[in-house]
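Engineer: To start, I am sharing the structure in question, which I have written as structure tokens.
The values are calculated or read from the model by the stated rules, or taken from the named source; none is laboratory data. Just so it is clear, the structure is predicted and the values come from calculations on it, not from any experiment. Cβ coordinates were reconstructed from backbone atoms using ideal geometry, including for glycine residues, and neighbour counts include every protein chain displayed. Side chains are part of the model used for accessible areas, which takes the heavy atoms of the whole protein and leaves out ligands, DNA and RNA. Shrake-Rupley method; radii C 1.70, N 1.55, O 1.52, S 1.80 Å.
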Amino acid sequence: QVQLVESGGGLVQAGDSLRLSCAISGRAPTMGWFRQAPGKEREFVATIYWSGGATNIADSVKGRFIISRGNGQNMVYLQMNSLKPEDTAVYYCVAARSYTLGRLVETYDYWGQGTQVTVSS
């Protein structure tokens, strides 16, 4: 069983940076992040292979967000730069039992509780 706990959310201004962290108990080949804004469906943000570091980043955040994993630690991070008001959402850490760089919600087997990120204009 894999458990995920996110941290690092908060209220920031447009243009600021924020780093989200996800602590993982157990192991999963693929880790990632989704987000859900009010009134919208959950949206893929980024994913990474635990072993090899291959990544997949959503076009909407490419060039601004970076996903990484902790060296020797059960942590996954999402560095968010140049934040925009449209990045406001609850951000979820996710994990999959298989190697995948998929962007679909149903690809991921485990979900954290989420952490709120609010970007003011």
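Engineer: How many angstrom lie between the Cα centre of the range 35-55 and the Cα centre of the range 58-105?
Structural biologist: 5 Å
Engineer: Right, another one. In 5 Å bins starting at 0, how do the alpha-carbon pair distances of the range 39-88 split up by percent?
Structural biologist: Answer for the range 39-88: a P(r) of 5, 18, 28, 21, 16, 9, 3, 0 percent.
Engineer: Convex hull volume of the Cα atoms in the chain, per residue, in Å³?
Structural biologist: 91 Å³
Engineer: Pull up the DSSP beta bridges for the chain and report the antiparallel fraction as a percent, rounded to 5.
Structural biologist: Beta bridges within the chain, antiparallel portion: roughly 90 percent.
Engineer: Excluding ligands, DNA and RNA, what is the solvent-accessible area per residue of the chain at a probe of 1.4 Å, expressed in Å²?
Structural biologist: 50 Å²
Engineer: Taking 7 Å along the Cα-to-C-beta vector as the label spot, tell me the Ala58-Asn71 distance in nanometres, rounded to one decimal.
Structural biologist: It is 3.0 nm.
Engineer: May I pose another question? Between Lys40 and Ser7, 0.36 nm times their residue separation minus their Cα-Cα distance comes to what?
Structural biologist: Gain on extension, Lys40 to Ser7, equals 9.7 nm.
Engineer: Roll a 1.4 angstrom probe over the protein heavy atoms and tell me the percent of accessible area of the chain that is carbon or sulfur.
Structural biologist: 46 percent
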